[in-house]
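Notes follow the structure.
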Amino acid sequence: MYNCSHSHGLEVSAIDVQRVVDSHHKLLGSFLGSFEKAKDAIFYSYKNHINGFAAILDEEEATNLASVWPESKSFGEHGITGGVPSRWKGGCTDKTPDAVPCNKKLIGAKYFNQGVIAYLKSHNLTDELPLIGNSTRDYVGHGTHTLSTAGGSYVSGVSVFGSGIGTAKGGSPKARVAAYKVCWPFRNGGGCYDADIFDGFDQAIYDGVDVLSLSIGSPPDEYYDDTIAIASFHALKKGIPVVCSAGNSGPSMATATNIAPWILTVGASTLDREFQAPIELGNGQRFWGLSLSRPLARRKLYPLITGAQAKATTASADDAMLCKPKTLDHSKVNGKILVCLTGGSSRIDKGMQAVVAGAVGMILCNDRFSGFKIIADLHVLPASHISYNDGQAVSSYINSRKNPMGYLIPPSSKVNTKPSPTMAAFSSRGPNIVSPEIIKPDVTAPGVDIIAAFSGAVSPTGEPFDNRTVPYITMSGTSMSCPHVSGIVGLLKALHPEWSPAAIKSAIMTSATISDNTRNLILDGGSPIFAPATPFIYGSGHIHPIGAIDPGLVYDLSPNDYLEFLCASGYKAKNIRVFGEKNFKCPVSGSILNFNYPSIGVQNLTGCVTLTRRLKNVGRPGVYRVRVRRPKGVKVLVKPRVLKFRKIGEEKRFELTMIGAVAEGQIGYGTLIWTDGKHFVKSPIVVSSGFF
């Protein structure tokens, strides 16, 4: 049950808290017919900033009512000066023998599991309850990796099995960090339950966090039915920026999650570093591959065999080529390098099947659908992942030789690779399915083969047969790109404490770049031909932290501006009250096109449309002139074309008129830039003649 926000003053007293709890019991009791029954049913009361509760109810009742691995050096106190700020209300509440201890760096660790427990009980899955536990400790590795990426301390000499050696640090390395564990694995599922997410948000806001980073998400829904959207708005009202991952459902379009306009949504792109593991054939040919596995025992050529050639008598050649369990003949594979095809099972499991069959190494070839998309995995045996075309060449060599031979060159890290960045194929894309005019994701950041801290409780692959442990590991996903941006947000809050969450977001978006290190447009790794990416894939572009520190101008927004955006989107009063004060009323008129967002999206343009934006000066006085790269087929007029700012905080308004139409079925892309010669305040323009 969610009931908007509380009306507490600046400080929440014990009397305030008890009054809230009593009101929740009274409200639910009025439906259930018993105050005591309500007390038994409620397992969370959101009592600090978010007003509501979570309770176990049967279907009829519901209808009537409508972490971290602390031992990592990344969380050590080295480099942290002074005590914990007096305004901090959080701490480490776990009292189990395996509890997470706080220090001057890791100043908070709490868990929220009543939602998942209620789910398991209501679905007769009580045998799963022992897997949940009452611990803030990270037994998966995801939370440790993301938290250290956002705010991990400086740690020298970090590598992954000897590759990528260097100094690890988070985006805000001297920041203090806190972990709020809201996601729980169990045998028949697992995930992050709404009740736990709500309580985690409520506690984090109360504790006094400066930034919230969420590498989680779910399929988009209307904002008033979206737990993260609602909770994030409460954080926004307290001046807390919320950064979220866009999701890993690319390259399909319209898959981006966490798409509310007050959330900073992050896609994933590559670094200019690769973990290269070339393959050498007996005829001298070499093929480029990726891997983070250990090297072969001896530097010599080994016999090569394909999965199809090594099939067991009871298996099909197709299944054996996929290296599925129980499809390979040990007598044929033993002592050889096995060639497997992607698909049908995980890449890591194929390596395990190769080990079971007696292989000394594995060449993993992409299938036709995977094309050029290769990954540096921490395989359980020496291995290299190669593209579809290279895999075809390797197979051709094997099939044309009586005794084919090959060698896996040990993995090594290479930097300054080009082109970089490129968009990750898995990175979720727009258009925004709830508010098409709001371009999502907002930006992209490094999210492929990111080295960061890892849990000591799980192997690098997470597979039961892998008994290795590592303090640092590579992981890929928008879960990894999100904390890069969260770290930057932390730095900006420290440098500019007067900036609103919207101003910080604008600074990051308008300073982003759409060019790679070859000075060409960022390419889309999800495209079969590596076509140039678009704002629906990278948003405003790849983050540029130095530029975000001094953006010159920002597109600012207040909480009420977001509420008026919801009004212009057609939300009813009862829906809008979910996000704000109960007495908020929509203005008589308003247009979603005039929402002061740092990017510009216009759908169904068939003639002429005019929209307005406001720019606030956050730098020195200056004169800014406009530049426009117009979408094909569309004339763009800006009035005025010059904005003169005399002081910090001064705001100027401009109009942008678009005339014309994009070809039917096409989308036009352009760019709006305001510049004083030093600053370049960039906004993507996306226009279509129909609906996105």
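What follows draws every value from the coordinates through simple rules; no lab data is involved. This structure is a prediction, so every number in the text was calculated from the model and none was measured. Cβ coordinates were reconstructed from backbone atoms using ideal geometry, including for glycine residues, and neighbour counts include every protein chain displayed.
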Qualifying aspartates and glutamates (Cα of each under 16 Å from Cα of residue 574; at least 8 residues distant if same chain)
222, 225, 226, 564
Check the straight Cα-Cα distances from residue 95 and name the lysines below 26 Å, setting aside those fewer than 8 residues away within the same chain.
39, 47, 73, 104, 105, 110, 121, 181
The residues 232, 387, sorted from fewest to most surrounding Cβ atoms within 10 Å, come out as 387, 232
Taking a ≥ b ≥ c as the square roots of the eigenvalues of the Cα gyration tensor, with a/c under 1.5 meaning rounded and otherwise prolate when a/b exceeds b/c and oblate if not, region 336-453 is prolate
Let me understand region 596-688 better: what is its radius of gyration from the alpha carbons, and its Dmax, in angstrom?
13.9, 45
At most 13 other Cβ atoms within 10 Å and a DSSP loop assignment: could you name the trypsin sites (Lys or Arg not before Pro) in region 639-668 that fit?
641, 646, 647
If you take the beta carbon distance between residue 608 and residue 367 as r and set R0 to 35 Å, what does 1/(1 + (r/R0)^6) give as a FRET efficiency, to the nearest 0.05?
0.10
Find the relative contact order for region 274-415 and round it to a whole percent, using C-alpha pairs within less than 8 Å whose residues are 6+ positions apart.
35
Radius, Kirkwood style, for region 534-674 when every pair of distinct Cα atoms is counted (Å)
17.1
In region 300-435, what percentage of the DSSP-assigned beta bridges are antiparallel, given to the nearest 5?
20
Can you list which of the chymotrypsin sites (Phe, Trp or Tyr not before Pro) found in region 338-391 are DSSP loop residues with at most 11 other C-beta atoms within 10 Å?
369
At a Förster distance of 25 Å, what's the computed FRET efficiency of residue 494 paired with residue 650, Cβ-Cβ distance as r, to 0.05?
0.55
With the Cα gyration tensor of region 103-241 giving a ≥ b ≥ c as the square roots of its eigenvalues, does the rule (a/c under 1.5 for rounded; else a/b larger than b/c for prolate; else oblate) give rounded, prolate or oblate?
oblate
Report the local net charge at residue 117: Lys and Arg +1, Asp and Glu -1, summed over other residues whose C-beta lies under 11 Å from its C-beta.
-1
So which lysines pass the test for residue 350, namely a Cα distance under 19 Å, with those fewer than 8 places away in the same chain ruled out?
311, 324, 326, 332, 336, 373
Specify, per residue and in Å³, the volume enclosed by the convex hull of the alpha carbon atoms belonging to region 105-147.
80
Among 171-178, 521-528, 490-497, the order from most to least packed when residues are scored by Cβ within 10 Å on average
171-178, 521-528, 490-497
Can you give me the distance in nm between label points at residue 332 and residue 125, each placed 7 Å from the Cα along the Cα-to-Cβ direction?
4.0
Geometric extent, Cα atoms of region 65-180 - Rg, Dmax (angstrom)
16.8, 57
Trypsin sites (Lys or Arg not before Pro), restricted to region 357-408: which are DSSP loop and have at most 13 other Cβ atoms within 10 Å?
368, 401, 402
Averaged across orientations, what area in nm² does the convex hull of the alpha carbons in region 274-415 project?
7.6
For residue 531 and residue 468 in the same chain, what is the full-extension length gain: residue separation times 0.36 nm, less their Cα-Cα distance, in nm?
18.8 nm
Within 10 Å, count the other beta carbons around each residue, average over each peptide in 320-327, 143-150, 265-272, 307-314, and list them highest first.
143-150, 265-272, 320-327, 307-314
How high is the FRET efficiency between residue 594 and residue 418 when r is their beta carbon distance and R₀ equals 41 Å, given to the nearest 0.05?
0.50
Whether the chain is rounded, prolate or oblate, judged on the alpha carbon gyration tensor where a/c under 1.5 counts as rounded
oblate
Which entries of 300/402; 572/616; 585/639; 505/582 show an alpha-carbon separation above 20 angstrom in the structure shown?
572/616; 585/639; 505/582
